[in-house]
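This report concerns only the one structure given below.
Every number here is computed from the coordinates shown, using simple stated rules; none is lab data. Bear in mind the structure is a predicted one, so any value in this text is a computation, not a measurement. Counting neighbours? That spans all protein chains shown, and the Cβs are built from the backbone with ideal geometry, glycine included.
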């Protein structure tokens with residue numbers, strides 16, 4: 001039982017760690033690498049120390065005391081973890097200039113998770129010491145312990161992801177598996193009729209953590225959120241202002257979707273993306289055009305298309321997170337005639353034969369593009385689903401230049417598939433829009449289409465897009481299914497953005513100290 005539940009708790013804490021860190025540092029492959037590496041370090045050190053400790057003092061009381069301490073530490077993570085993360089980030093803002101996200105995530109993971117997992121790492125060598133009576137059955141005994149640990153780990157992998165986190169959130173998930181470890185220790189000490197004081201203290205601390213740490217609020221400084229919760233894929237936050245409703249899937253990084261309370265442009269990249277229908281010549285068509293949005297979010301682009309083009313389009317969206325689609329109907333007034341499929345964008349293309357006039361690619365995993373939707377093979381799939389004069393528009397959310405930037409790799413990859421590629425930088429924003437087609441007359445089609453516009457605001461926006469378009473000259477930096485290091489490339493750009501912001505706060509700190517930083521925030 002001890003091996004089984006210890007293995008289960010290790011995996012549950014690892015998955016909980018990813019959800020605790022994701023709203024602040026993203027859940028990219030880089031962050032997962034930090035989590036897995038840190039936990040393996042802790043477990044390895046626990047194995048070594050646990051074995052030596054058991055050899056010196058083969059008393060099971062010591063092991064179950066360690067399990068009790070680990071249980072209380074894990075129970076305290078929902079209560080204190082987010083404050084520790086922000087405290088570490090705040091200190092690093094003043095001291096670190098490069099690789100902020102990586103360093104902050106690594107230190108936060110070390111501080112919060114190493115000690116309890118170090119203690120859980122002592123379980124297996126301790127139990128081997130207590131249970132092996134002779135060399136004759138040592139192999140079977142160790143094998144049985146390892147099997148129960150592994151079975152527990154398997155269950156601890158599936159339960160948080162598919163049951164507890166979607167149902168009750170990350171905070172309660174930590175408390176559930178902490179309670180399992182605590183109960184295991186209590187059963188041991190009660191059966192021995194010893195350790196009454198430590199058991200009573202542990203129960204009191206667990207109750208305090210449960211009462212004050214059960215909240216699933218990551219953005220604890222926000223007091224007016226319309227919605228805050230979690231899905232299988234994301235931390236989700238809906239915030240309402242006087243003029244708009246905003247969806248964010250991270251506390252610290254950006255806006256994923258927006259709804260204007262009064263019809264009009266958003267002031268964001270969605271406005272620039274509205275050029276895609278004009279480039280595809282939909283204004284010159286007598287019949288309805290087909291639009292597909294990969295990475296639907298809550299439907300900002302679909303809603304804008306409906307607002308400005310009325311019933312000129314059949315619009316379909318693909319969104320992998322059903323919870324986001326639910327929020328689209330509840331808070332963002334997504335039109336009922338916009339069909340949304342809960343699916344991975346690339347898998348959806350492989351499953352349908354339909355062709356579209358416009359395909360918008362706006363799929364992100366937190367702050368990075370999923371690698372399977374950044375490759376030459378993927379964009380070839382998109383091209384196969386476009387009509388002869390069809391246009392693909394891609395939102396690149398990190399405006400960056402340079403030979404090794406993620407945008408350079410994406411643009412080169414797209415240019416290896418499409419004959420015509422144009423880019424436009426979004427004013428006062430980090431986004432860049434890319435338009436791709438095989439139609440050499442797409443600019444002429446846009447000029448003809450926008451010439452008949454009666455909406456002055458949209459006409460002016462399209463003129464801004466037309467004036468800002470730059471024809472992209474293809475290079476040789478190609479992303480493929482075999483090699484697409486989008487996390488590393490994206491992290492470089494994020495590092496540059498954060499470095500600029502950190503420089504701002506460092507200047508404030510030099511002039512006005514900590515008080516100045518608090519006032520500026």
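To the nearest 0.05, how large is the calculated FRET efficiency for residue 212 and residue 141 if R₀ is 45 Å and r is the Cβ-Cβ distance?
Values: r = 42 Å, r/R0 = 0.93.
My answer for the efficiency is 0.60.
Just subtract the alpha-carbon distance of residue 162 and residue 339 from 0.36 nm times their residue separation and send over the number in nm, one decimal.
On the way: separation 177, 0.36 × 177 = 63.72 nm, distance 2.57 nm.
Full extension of this stretch gives 61.2 nm more.
Between residue 355 and residue 241, what FRET efficiency follows from the Cβ-Cβ distance if R0 is 56 Å, with the result rounded to 0.05?
Working: r = 39 Å, r/R0 = 0.70.
It comes out at approximately 0.90.
Measure nothing fancy, just the Cα-based angle from helix 486-520's long axis to the longest principal axis of the chain, in degrees from 0 to 90, nearest 10.
Taking Cα atoms only, the helix is inclined about 80 degrees.
Determine the gain in length on full extension of the stretch residue 154-residue 99; use 0.36 nm per residue of separation and subtract their C-alpha separation, reporting nm with one decimal.
Values: separation 55, 0.36 × 55 = 19.80 nm, distance 3.36 nm.
That works out to 16.4 nm of additional length.
For helix 100-120, report the angle its Cα long axis makes with the longest principal axis of the Cα atoms of the chain; keep it between 0 and 90° and round to the nearest 10°.
Between helix and principal axis, roughly 30 degrees.
Working from Cα positions, state the angle (0 to 90°, nearest 10) between the long axis of helix 29-56 and the longest principal axis of the chain.
10
Take the Cβ-Cβ distance between residue 310 and residue 40 as r, set R0 to 56 Å, and report the resulting FRET efficiency rounded to the nearest 0.05. If you can, show how the numbers build up before the last one.
Details: r = 57 Å, r/R0 = 1.01.
For residue 310 and residue 40, the calculated efficiency is 0.50.
For residue 130 paired with residue 404, estimate the spin-label separation in nm (one decimal), with each label point 7 Å from Cα along the Cα-to-Cβ line.
It is 5.1 nm.
Compute the distance in nm between two label points, each set 7 Å from the Cα along the Cα-to-Cβ direction, one at residue 330 and one at residue 224.
2.1
Once a ≥ b ≥ c are taken as the square roots of the eigenvalues of the Cα gyration tensor of the stretch 264-484, is the result rounded (a/c under 1.5), prolate (a/b larger than b/c) or oblate (a/b not larger than b/c)? Write down the numbers at each step before the final one.
Numbers: a/c = 1.37, a/b = 1.09, b/c = 1.25.
Rounded is the answer for the stretch 264-484, as its axis ratio a/c remains below 1.5.
Which of rounded, prolate or oblate describes the stretch 2-213 when judged by the alpha-carbon gyration tensor and an a/c cut-off of 1.5? Spell out each step's value before the answer.
Details: a/c = 1.84, a/b = 1.54, b/c = 1.20.
Prolate shape, in that a/c is at least 1.5 and a/b is the bigger ratio.
Run the helix sum for the chain: -39,500 (n - 2.57) per DSSP H stretch of 4+ residues, divided by residue count, reported at 222 nm to the nearest 500 deg cm²/dmol. Could you put the intermediate results ahead of the total?
Values: 18 runs with 300 residues, N = 521.
Rounded to the nearest 500, the figure is -19000 deg cm²/dmol.
For residue 192, put the label point 7 Å out on the Cα→Cβ axis and report which residues of the stretch 1-22 keep their amide N under 15 Å from it.
Taking a point 7 Å out along Cα→Cβ of residue 192, the residues of the stretch 1-22 whose backbone N falls under 15 Å are 2.
So what is the diffusion coefficient of the chain in µm² per second by Stokes-Einstein at 20 °C and 1.002 mPa s, using a Kirkwood Rh over Cα pairs?
After rounding, the answer is 84 µm²/s.
Along Cα→Cβ, 7 Å out, is where each label goes; now give me the distance between the ones at residue 204 and residue 429 in nm to one decimal.
Label at residue 204, label at residue 429, 5.6 nm between them.
Let a ≥ b ≥ c be the square roots of the eigenvalues of the Cα gyration tensor of the stretch 1-93; is it rounded (a/c under 1.5), or, if not, prolate (a/b larger than b/c) or oblate? Walk me through the numbers before you get to the answer.
Working: a/c = 2.12, a/b = 1.95, b/c = 1.09.
Cα axes put the stretch 1-93 in the prolate bin.
Could you line up 380, 134, 140, 248 from fewest to most neighbouring Cβ atoms inside 10 Å? Show your work: numbers first, answer last.
Working: 380 13, 134 7, 140 10, 248 22.
Placing the least packed residue first, the sequence is 134, 140, 380, 248.
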